[in-house]
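> Please see the structure below; I have some questions.
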Amino acid sequence: MSSRTLPLLFINLGGEMLYILDQRLRAQNIPADKAKKVMNDIITTMFNKKFLEELFKPQELYSKKALRTVFDRLAHASIMRLNQASMDKLYDLMTMAFKYQVLLCPRPKDILLVSFNHMDAIKDFVKDTPSILSQVDETYRQLIEMYTPLSSGEFQLIRQTLLIFFQDMHIRVSIFLKDKVQNSNGRFVLPTSGPVPHGTQVPGLIRMFSCTGEEFTRLKFNNGGNYTTALREGSFDIFGDRVTKLGTNMYSVSRPVETHMSGTSKNSAQHTKVSAAPNPLAKEELNLLARLMGGLEVQKPGNADTGFRISLFATDEEEEEALISRPDELSCGVINIQATKDQQANAELAKIMGEFTESGDQSPSVSNKGDDLLAMMDGL
Amino acid sequence: MYHKEKSIQIKNSASALYNNLSVLRIAPRRLTHFTVVHANMVNMVSASWDGLNYTHRQLQSKEPNVATSTSLIMQMYESDGSIMVYWHALDTPETPTAQAVFARGIAAVYENYICVGVSSGAILVFDVPSKGSNITLSEVLEEHKESITDMASECSGSQECIANLVTADDGGNLCVWKSGEEFQLLNKIPGFDMSCSSVKLWKGTAVAGYGTGQIRLYEAVTGILHAEINAHARWIYSVDIAPFSGLLLSAAEDSLVRVWHMTITPETNSVEVAHLHNECVTDTQICGARFCDGDGYAFAVTGYDLSEIIRYIQS
């Protein structure tokens with residue numbers, strides 16, 4: 001499968017995460033300066049130069065667990081805190097949104113346009129901060145350099161790789177249900193109407209040719225749908241109209257985010273079975289993870305004035321209830337990296353690899369963790 | 001023309017891969033094997049014709065050996081999946097390239113060859129003796145420059161056809177071959193940079209399904225385009241032919257399966273296609289569609305994220 005999938009997966013999931021956090025920060029009336037700091041901190045970490053270098057290297061997709069851990073770290077890249085239940089819900093929303101976008105893309109290449117929609121929104125979040133803006137612009141250039149030369153077949157391979165990653169996920173999302181883009185069984189609605197993709201003709205015509213190349217007859221047939229001709233193509237430049245709405249922000253203060261867990265356990269259990277095979281690339285994933293953590297600016301929330309908690313639920317009771325009732329198979333075991341004063345950094349790393357199958361603990365408390373982690377990095 | 005029959009449940013859902021359904025009819029035992037790929041696992045269901053017995057089997061690829069620098073790309077089993085008789089690995093490049101090494105596209109070719117396509121564009125030709133399991137790599141064909149997507153052998157049963165293998169790649173290019181100790185390239189039909197995801201060969205006519213949703217019928221040896229159909233609104237994932245009746249099946253991401261009829265007379269060089277029937281598999285991106293028998297009396301369909309094989313039978 002494709003080794004060029006991870007950057008797109010990361011950037012699009014990150015984009016969705018920012019949409020949701022932005023909405024929750026507003027909904028909880030977090031002061032504007034704090035909210036802005038949170039968004040800036042997360043975006044700075046997301047587009048950390050060393051991290052992106054690593055991300056853009058040809059490699060297999062991370063396991064679900066490893067990717068979830070990366071986003072856990074990312075969500076905690078600032079003074080904001082999330083409980084386990086809120087983090088679970090945040091991740092579910094992010095992944096279902098991107099799954100929807102990947103599935104609904106008319107052409108595989110449109111995944112790049114979806115990515116640009118996310119990038120455009122991220123750029124807008126940091127438009128007042130030139131230092132972060134330049135990081136974002138640099139990422140646009142990397143995306144354009146890596147992806148615009150790819151053929152349609154190579155994009156389809158990327159799309160197929162993503163679809164395998166999202167296989168069997170049918171979490172119901174309230175906004176999708178309301179907009180009737182998702183059915184009550186968790187599956188997305190695929191319309192047989194609307195514009196055909198750019199480069200495709202409306203189905204319904206058979207042309208037959210003689211040996212000399214002349215068309216000698218045309219036949220029409222009923223295509224069983226209600227299709228129209230393609231729209232104009234979206235822009236693949238740093239600036240431009242992307243045309244597609246997939247990847248734009250679908251949340252607003254008036255559209256709260258909720259998820260339903262039911263109806264997914266059977267399929268999820270099947271999928272967990274397949275991915276339980278030991279991942280021989282575990283060490284590589286941890287290296288990248290470590291670099292991400294190493295790039296973090298650690299905030300010390302001992303000071304009650306700066307730290308605060310964000311919830312994805314309306315009340316604390318709801319949050320607790322969600323944590324208790326979450327089906328086991330949906331809880332990706334979050335890698336719990338305990339910083340220790342142990343000088344044997346390698347032994348620690350080996351221990352962590354062994355902990356891949358442990359179930360998730362509560363989020364590690366942030367103390368002087370940053371210093372210990374940096375010490376661990378030196379040992380890698 | 002067709003109506004839906006009882007579906008067959010499979011242990012895992014189907015992955016979004018081209019041509020993701022294989023059907024093998026074993027008449028003497030009155031059963032049919034169906035296989036569907038889920039990530040790195042093959043799900044096999046053997047269904048008895050009376051509809052009473054379903055046996056499931058799962059074949060998983062061997063654990064990758066990270067110590068060696070090879071990529072396992074192919075495993076061969078007995079037709080009921082009971083024993084693995086052969087496997088083949090390729091050298092992995094020193095530095096990882098942007099495309100992992102993988103196999104895609106497979107065909108059994110006259111007289112005793114099995115051809116397998118690789119992501120590099122190479123085609124491996126394996127010599128399979130009629131007795132014993134001494135399978136050997138006979139040849140590597142390096143004509144395609146882009147990843148192989150699908151391949152097919154001549155399915156009319158006629159020995160008179162000169163060409164007996166057509167191979168397709170991500171650029172939409174088709175290569176037409178004559179099998180033998182040394183495979184002979186008879187023709188190259190260029191694509192228009194649009195991936196050909198599925199191809200079949202019948203009575204010397206190559207039927208190809210493309211990412212643009214078009215189906216094209218070419219005379220394989222000459223490359224003459226006989227017909228072009230604006231068939232689907234999305235990427236085609238599977239085409240299949242029922243060789244005794246000339247029925248053609250096409251399926252795509254647009255949720256539609258279409259049945260066509262082809263009239264091919266090689267002597268007069270005439271090819272005609274007519275549309276017969278549509279089936280919509282609601283809210284499903286179809287990834288595999290095959291006729292279950294040589295007449296096209298029944299066909300089966302798989303879809304992404306679907307844990308069943310949907311069947312249709314002529315009314």
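The values are calculated or read from the model by the stated rules, or taken from the named source; none is laboratory data. Computed from a predicted model, the values in this text were never measured in an experiment. Methodologically, a virtual Cβ is constructed for each residue, glycine included, from the backbone with ideal geometry; neighbour enumeration extends over all protein chains shown. Just the protein is used for accessible areas: all its heavy atoms, side chains included, with ligands, DNA and RNA removed. Shrake-Rupley method; radii C 1.70, N 1.55, O 1.52, S 1.80 Å.
> Go through B:221-228, B:121-128, A:205-212 and give me the packing order, highest mean Cβ count within 10 Å leading. Walk me through the numbers on the way to the answer.
Values: B:221-228: 18.0, B:121-128: 19.6, A:205-212: 15.6.
My ranking of the peptides, most packed first, is B:121-128, B:221-228, A:205-212.
> Full-extension gain between B:Asp293 and B:Lys11, please, as 0.36 nm times their residue separation minus the C-alpha to C-alpha distance. Don't skip to the answer; put the middle values down first.
Details: separation 282, 0.36 × 282 = 101.52 nm, distance 2.38 nm.
So the chain would gain 99.1 nm between B:Asp293 and B:Lys11.
> Could you check the spin-label model distance between B:Glu160 and A:Ser193? Points 7 Å from the Cα along Cα→Cβ, value in nm.
5.0 nm
> Compare the Cα positions of A:Phe47, A:Ala75, A:Leu61 along the charge dipole of the stretch A:42-141 (+1 at Cβ of Lys, Arg; -1 at Cβ of Asp, Glu; about the Cα centre) and return the one farthest towards the positive end.
Selected residue: A:Leu61.
> Let me ask something else about it. Under 14 Å from the Cβ of B:Leu124, count the other residues' Cβ atoms, weight Lys and Arg +1, Asp and Glu -1, and hand me the total.
Neighbourhood net charge equals -4.
> Chains A and B: buried accessible surface, both sides, probe 1.4 Å, rounded to 100 Å²?
Adding both sides of the contact gives about 4700 Å².
> Please give the charge dipole size of the stretch A:107-148, origin at the Cα centre, charges +1 on K and R Cβ atoms and -1 on D and E Cβ atoms. Round to the nearest 20 debye.
Magnitude of the dipole: close to 160 debye.
> Let me ask something else about it. With r defined as the distance between the Cβ atoms of B:His56 and A:Ser325 and R0 fixed at 41 Å, what FRET efficiency is calculated, to the nearest 0.05?
Between B:His56 and A:Ser325 the formula returns 0.80.
> Averaged over peptide B:138-150, how many Cβ atoms belonging to another chain are found within 10 Å of each residue's Cβ?
Neighbouring Cβ atoms belonging to other protein chains average 1 per residue here.
> If every alpha-carbon in chain B counts as one equal scatterer, what log10 I(q)/I(0) does Debye give at q = 0.06, 0.15 1/Å?
Result of the Debye calculation: -0.19, -1.32.
> For a protection proxy built on the mean count of beta-carbon atoms within 10 angstrom, sort A:105-115, B:273-283 highest first, please.
Numbers: A:105-115: 24.1, B:273-283: 17.4.
So the order, starting with the most tightly packed, is A:105-115, B:273-283.
> Give me a single rounded figure for A:186-192: the average over its residues of other chain Cβ atoms within 10 Å of their Cβ.
5
> Distance from the Cα centre of the stretch B:116-166 to that of the stretch A:153-185, in angstrom?
Cα centres, the stretch B:116-166 to the stretch A:153-185: 35 Å.
> Shifting gears a bit: Can you give the relative contact order of the stretch B:176-315 as a percent, counting alpha carbon pairs under 8 Å and 6+ residues apart?
Computed over the stretch B:176-315, the figure is 15 percent.
> A further question follows. Could you tell me which GluC sites (Glu not before Pro) in the stretch B:146-200 are loop residues by DSSP with no more than 12 other beta carbons within 10 angstrom of their beta carbon?
B:Glu160, B:Glu181, B:Glu182
> Toward the positive end of the charge dipole of chain B, about the Cα centre and with charges on Cβ (Lys, Arg +1; Asp, Glu -1), which of B:Val125, B:Met74, B:Gly288 goes farthest?
It is B:Gly288, whose Cα lies furthest towards the positive end.
> Okay, moving on. Place a point 7 Å from the Cα of B:Phe192 along the Cα-to-Cβ direction; which residues of the stretch B:227-255 have their backbone N under 17 Å from it?
Counting only backbone N, you get B:227-236.
> Let me ask something additional. May I ask you to work out the translational diffusion coefficient for the stretch A:1-73 at 37 °C, viscosity 0.692 mPa s, via Stokes-Einstein with Rh from the Kirkwood sum over Cα pairs, reported in whole µm²/s? Could the numbers behind the result be given before it?
Numbers: Rh = 13.5 Å.
Diffusion coefficient, whole number: 243 µm²/s.
> Provide a whole-number value for the mean count of partner chain Cβ atoms within 10 Å of the Cβ atoms in peptide B:303-311. The partial results should precede the final answer.
Numbers: counts 1, 6, 12, 1, 4, 0, 0, 0, 0.
That average works out to 3.
> Between the stretch B:33-51 and the stretch B:171-213, what is the C-alpha centre distance in whole Å?
28 Å
> Find the centroid of the Cα atoms in the stretch B:227-249 and in the stretch A:236-251, then give the distance between the two in whole Å.
34 Å
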